[in-house]
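What follows is a single structure, written as structure tokens, with notes after it.
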Amino acid sequence: MSSGGKQDIYQGMKLIVTGGCGFIGSHFVRLALRRLRTGQVVNLDCLTYAGRGRNLADLDGDRRYRHVRVDIASPAAAERVIKEKPDAVVNFAAESHVDRSIRTALPFLRANTLGAQNLLDAARETGARFVQVSTDEVYGSIEGRGRAREDWPLRPSSAYSASKAAADLCALAAHHTHGQEVVITRCTNNYGPWQFPEKLIPLMITNALHDLPLPIYGDGLQKRDWIHVEDHCRGVWLALQKGRAGQIYNFGMGSEPSNIGIVRQLLRILGKPESLIQHVKDRLGHDRRYAVDCRKAGRELGWKPQVRFAEGLERTVSWYRENVRWWLKLKDRAFREYYLKHYGSTLRQGALGGGGGR
Ligand code: NAD
Ligand code: DAU
């Protein structure tokens, strides 16, 4: 697999990365700066509850990196893209949590769909190449139907995945109508350091560390194809470098553990009892299975995942153990209010997750 060198056609150039203060975006910013000896990365991120400037504190003093606090759906973001004249825009910025989209859909349409179109329009004006970071959720739930290829129809089930599918269609339309250089990536579920503790794996680790209940939706037999965030970022980097305009590339591991299986694995690593598991009311419209066919990314980009799940999970648990202060700050009052509203009625009394703790 490529790791830079000759293939880094963006050497010396300027990249705009959006959503770089979030989970995957922050890993991608670091990867880009490791690969670019020269050049610049400008991170457009408005810092929602999920974004933290300090997630990239290790880049303090690196003159190749700048963060600009701006909403990608605003005219100011379009003006900024045009002013920066980047060589490429990589769009990670999004509202990303399915459960929140079930409660309140509009912020998802604004950030994920209008934001993407706003950036596409601005990138077209400057001639910048555009990578739209999408998700395997746009294919919907895949039950007994093999693995989704890039040409499968879009069947999103939540407001989150519908807003991402709409952005994919906007990106493809920009390519079709204007010949814009657009590439779309669709990855499976990511895990790793710096993931906001509302998502399954970090929520289960952080709750278990405090001996709090682990809420499993329904029977817990839903399947996801978990991939380490670094493998995803390597894929996006290759798509930026080598992806053909107007094309879509899937990324995934090709394995499908169940949610309950993962939680049991985490409990074994943490040395905590299975009695912490608590089955709660199922997510509305819950997709049972995601699975993608990644052969195109292997063939055209030379991409292959490198981190084995068992090893990645062990490393992730260690990271959350060693960075308690980071995630405790995120389990703040706003998080506790969200948690209470979302899980409160189904969890045992007095068992709500949240800041402070032991
Ligand atoms: P995240 O929620 O951790 O981070 C999102 C970041 O985007 C935050 O820093 C937030 O402040 C920023 N943001 C949100 N709305 C914005 C706006 N309107 N303007 C500017 N910044 C804004 O999300 P993540 O899990 O890192 O996901 C990043 C991208 O990858 C998303 O587009 C998501 O759809 C996609 N994706 C995620 C996964 C996954 O498993 N997490 C898998 C496949 C694809
Ligand atoms: O597939 C890619 C997608 O993966 C990304 O596009 C999304 O941004 C990302 O959030 C993720 O979506 P999921 O809904 O699959 O991830 P989440 O971590 O929220 O849930 C994973 C599974 O675990 C899902 O089947 C729901 C279940 N779950 C989740 C939570 C938060 C529980 O059983 N209990 C929980 O408390």
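The values are calculated or read from the model by the stated rules, or taken from the named source; none is laboratory data. For clarity, every value in this text was computed on a predicted model and none was experimentally measured. Heads up, the Cβs are rebuilt from the backbone with ideal geometry, glycines too, and the neighbour counts pull from every protein chain shown. Heavy atoms of the whole protein, side chains included, go into the accessibility calculation; ligands, DNA and RNA do not. Shrake-Rupley method; radii C 1.70, N 1.55, O 1.52, S 1.80 Å.
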Cα-based Rg then Dmax for segment 155-233, in Å, read 17.0, 55
Of the listed pairs 223/296; 83/164; 199/296, those with alpha carbons more than 24 Å apart are 83/164; 199/296
Of the residues 53, 90, 118, the Cα lying farthest along the dipole of segment 1-121 towards its positive end, which is defined by charges on the beta carbon of Lys, Arg, Asp and Glu, belongs to 53
The helix 23-35 Cα axis meets the longest alpha-carbon principal axis of the chain at an angle in degrees, between 0 and 90 and rounded to 10, of 40 degrees
For 329, 223, 272, the accessible-area ranking with a 1.4 Å probe, largest leading, is 329, 223, 272
Expressed as a whole-number percentage, the relative contact order of segment 1-78 with C-alpha contacts under 8 angstrom and at least six residues apart is 30 percent
Taking a straight Cα-to-Cα line shorter than 13 Å from residue 242, and setting aside same-chain aspartates and glutamates fewer than 8 residues away, one finds 8, 181, 300
Rounded to the angstrom and largest first, Cα extents along the principal axes for segment 56-153 equal 50, 30, 29
Looks like segment 282-336, by Cα gyration tensor root eigenvalues a ≥ b ≥ c and the a/c under 1.5 rounded cutoff (else prolate when a/b is bigger than b/c, oblate otherwise), is oblate
Expressed in square angstrom to the nearest 10, the accessible area of residue 287 with a 1.4 Å probe stands at 10 Å²
Here D for the chain, in µm²/s, from Stokes-Einstein with a Kirkwood Rh over Cα pairs at 20 °C and 1.002 mPa s, works out to 104 µm²/s
Simple SL model, points at 7 angstrom along Cα→Cβ for residue 281 and residue 299; separation in nm is 4.6 nm
With Cα springs under 10 Å, the Gaussian network model of the chain assigns the largest mean-square fluctuation among 224, 264, 52 to 264
Cα extents of segment 134-268 along the principal axes, largest first, in whole Å, come to 55, 29, 24
Mean accessible area per residue over segment 163-316 (1.4 angstrom probe, all protein chains present, square angstrom) is 34 Å²
Taking the chain and counting helices only, DSSP H stretches of n ≥ 4 at -39,500 (n - 2.57) each over all residues, the nearest-500 ellipticity at 222 nm comes to -11000 deg cm²/dmol
Contact order relative to length for segment 212-331, counting C-alpha pairs under 8 Å separated by 6 or more residues, stands in percent at 41 percent
Taking protein heavy atoms only, a 1.4 Å probe, and rounding to whole percent, the accessible area of segment 211-358 owed to carbon and sulfur comes out at 49 percent
Of the candidates 177, 158, 227, the farthest towards the positive dipole end of the chain (Lys/Arg Cβ +1, Asp/Glu Cβ -1, centred on the Cα centre) is 227
Carbon and sulfur atoms account, in whole percent of the 1.4 Å probe accessible area of segment 14-152, for 51 percent
To the nearest 20 debye, the chain has a Cα-centred charge dipole, built from +1 on Lys and Arg Cβ and -1 on Asp and Glu Cβ, of 500 debye
Between the residues 238, 196, 317, the Cα farthest towards the positive end of the dipole of the chain, that dipole coming from +1 and -1 charges on the beta-carbon of Lys, Arg, Asp and Glu, is from 317
Evaluated at 20 °C and 1.002 mPa s, the Stokes-Einstein D of segment 210-354 based on the Kirkwood radius over Cα pairs, in µm²/s, stands at 121 µm²/s
Here the relative contact order (percent) of the chain, from C-alpha pairs under 8 Å and at least 6 apart, is 17 percent
quick note, the chain, DSSP beta bridge pairs, % antiparallel (nearest 5) is 5 percent
Counting sequence-distant residues (5 or more places) and residues on other chains, those with an amide H built under 5 Å from that of residue 214 are 277, 278
For residue 288, the accessible surface traced by a 1.4 Å probe with all protein chains present amounts, in square angstrom to the nearest 10, to 80 Å²
